[in-house]
Amino acid sequence: MFSALHNRRILLIISGGIAAYKSLDLIRRMREEGARVRCVLTAGGAQFITPLSVSALSEEQVYSDLWSLTDEQQMGHIRLSREADIVVVAPASANLIAKMANGIADDLASTVLLATNKPVFVAPAMNVMMWENAATSANIALLQKRGVKIIGPDNGSMACGETGAGRMSEPNEILSTLRSHFELPGPLKGLMALVTSGPTYEPLDPVRFLGNRSSGKQGHAIAQALHERGAETVLVTGPTVLPDIAGIKTIKVETAREMLAACEQALPVDIAICAAAVADWRPQEASLEKLKKGSTKAVLELTENPDILANLAKDSNQRPRLVIGFAAETSHVVERARQKLDRKACDWIIANEVASDKGFGENDNQVTLLRRGENNRVVESAWPLQSKDEIARRLVLEIIDYFTAA
Ligand code: CTP
């Protein structure tokens, strides 16, 4: 898998906090993406996870002690930071953040942070009151002013039982920020992209809706890949359980009509990719009251929804330079996708077979890309079965080629 973290040297500082368990997953994922990860574990961090698990996952020695002769001989605090491309502090406790802001160097982690000349990323994790304390706010503001990049924290319920801001960002979000650091400015820098994703929900009454099984995975992966290659990306998404993607403007909608309005608002863009599984019909009328058994006819009157892709692709002075749609079909996939390419006047269409056990919600997908070439001739290329992330990255490479050739 292509990743901007490939061959990058990351120094990960793990300080004290229950969120330290997430750092183990973070190390594993960084390694999977080809990064070389060295870890410094503070005394607080070692209360939550063991040096053994950190070193097993990073496949490197773990550094903890500023005064240890072995640590110093093998890797001093200066070398630790010099030999990294970036320094990541995750989780960053309120205490370590305060030390960073004030230049205190009383252990290996804080000394490395004072000595480093590399970009520093901090993912805070602490109780909501500690996060909202004026001292922490001032420390964070000071660090940001000095160029330290702060990731998160997220909102939610915490290990201490309270709820609010202070949860460490998920490894996914941290990784995405780190990738963006290495990828920007990318080949799509200066271009604007719009992506639709997920299902739409069409209300029947206040509690029921017509919807579909779309997970939003493919659309979200495309938005992320576009962002990672430098495009300024707006994601318009129906209801999904997927987390927000760092660095991307996300507009959350429920119905097809809301999705169309949000897309029109995002114009003009250079690239539009419609990956959403938009409901073709909506109930003619949504009841304001919950429908009761026996009180209504068991027949639904439906009315057609606007076609967002066709609207974006129609000839207008705001037409994006490249409009890409999907064709989800249960049979005659490529033939029907060709018809859709014409009917919706888009430039490319990605055809895939769907069934309840194929395409929707799954991680892997087999797609065929159909492109309108010279003299309106349609060029077809079938891609192997691959993950939705890989499809997204490959599509973005095709988009880069398209704009480089243009
Ligand atoms: N699409 C859209 N707005 C709609 C319906 C579909 O933008 N109201 C887009 C989808 O995002 C996708 C493409 O059109 O990029 C094709 O969607 P698909 O569901 O395969 O086709 P439909 O137009 O709905 O046609 P049918 O259901 O008859 O196959």
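Nonpolar atom fraction for the chain, defined as the carbon and sulfur part of the 1.4 Å probe accessible area, stands at 50 percent.
Along the axis of the charge dipole computed for the chain (Cβ charges of +1 for Lys and Arg, -1 for Asp and Glu, origin at the Cα centre), the listed residues I350, L143, M192 are led at the positive end by M192. Note on the range 219-273: the alpha carbon radius of gyration divided by the globular reference 2.2 N^0.38 Å gives 1.08. Relative to the longest principal axis of the Cα atoms of the chain, helix 20-32 runs at roughly 70 degrees.
Go ahead and run the numbers for FRET between I78 and A98, Cβ-Cβ distance against an R0 of 22 Å, rounding to 0.05. The calculated FRET efficiency here is 0.45. The translational diffusion coefficient of the chain, from Stokes-Einstein at 10 °C and 1.306 mPa s with a Kirkwood hydrodynamic radius over alpha carbon pairs, comes to 68 µm²/s. Note on T200: accessible area is roughly 0 Å² with a 1.4 Å probe, heavy atoms of protein only.
Would any residue of the range 95-123 have its amide N under 17 Å from a label point 7 Å out along Cα→Cβ of A165? List them or say none. Counting backbone N atoms under 17 Å from the label point, the list is 95, 97-98, 122-123. Relative to the longest principal axis of the Cα atoms of the chain, the long axis of helix 217-228 lies at roughly 60 degrees.
Shape class for the range 334-406: oblate, because the ratio a/c of the largest to smallest gyration tensor axis (alpha-carbon atoms, square roots of eigenvalues) is 1.5 or more and b/c is at least a/b. With the simple spin-label model, which puts each label point 7 Å out from Cα in the Cβ direction, the H181 to L397 separation comes to 2.6 nm.
Full extension of the segment from K252 to E264, taken as 0.36 nm per residue of separation minus the current Cα-Cα distance, would add 2.9 nm. Taking the longest Cα principal axis of the chain as reference, the axis of helix 256-266 is set at about 60 degrees.
Provide the percentage of antiparallel DSSP beta bridges, counting only those with both residues in the chain; round to the nearest 5. Taking every DSSP beta bridge within the chain, about 35 percent pair in antiparallel fashion.
Mind running the shape call on the range 139-208? Use the C-alpha gyration tensor, a ≥ b ≥ c as the square roots of the eigenvalues: rounded below 1.5 for a/c, prolate if a/b tops b/c, oblate otherwise. The shape class here is oblate. In nm, to one decimal, how far is the R208 label point from the S331 one, both placed 7 Å along Cα→Cβ? A separation of 3.0 nm, rounded to one decimal place. Rolling a 1.4 angstrom probe over the protein heavy atoms with all chains in place gives the chain an accessible area of 48 Å² per residue. For the range 9-182, the convex hull spanned by the alpha carbon atoms encloses 100 Å³ per residue. Overall, the chain carries a charge dipole of about 360 debye about its Cα centre when +1 sits on the Cβ of Lys and Arg and -1 on the Cβ of Asp and Glu, all other atoms neutral. Stretching the chain fully between S137 and A345 yields a gain of 69.8 nm (0.36 nm per residue, less the alpha carbon separation). Label positions at L114 and S53, each projected 7 Å from the Cα along the C-beta direction, are separated by 3.1 nm. The aspartates and glutamates whose alpha-carbon is closer than 17 Å to the alpha-carbon of K249, local same-chain residues fewer than 8 away aside, are D154, E173, E228, E232, E258, E264, D270. In terms of overall dimensions, the C-alpha atoms belonging to the range 192-405 reach 61, 37, 35 Å along their principal axes, ordered largest to smallest. Projecting the Cα atoms of G230, F209, P268 onto the dipole axis of the range 192-405, where Lys and Arg carry +1 and Asp and Glu carry -1 at the beta carbon, places F209 farthest toward the positive end. Looking at the range 79-216, the DSSP beta bridges with both ends there are about 50 percent antiparallel.
The values are calculated or read from the model by the stated rules, or taken from the named source; none is laboratory data. Because the structure is a prediction, the values reported are computed rather than measured. FYI the Cβ positions are ideal-geometry reconstructions off the backbone, even for glycines, and counts take in every protein chain you see. These area figures cover heavy atoms from the full protein model, side chains too; ligands, DNA and RNA do not enter into them. Shrake-Rupley method; radii C 1.70, N 1.55, O 1.52, S 1.80 Å.
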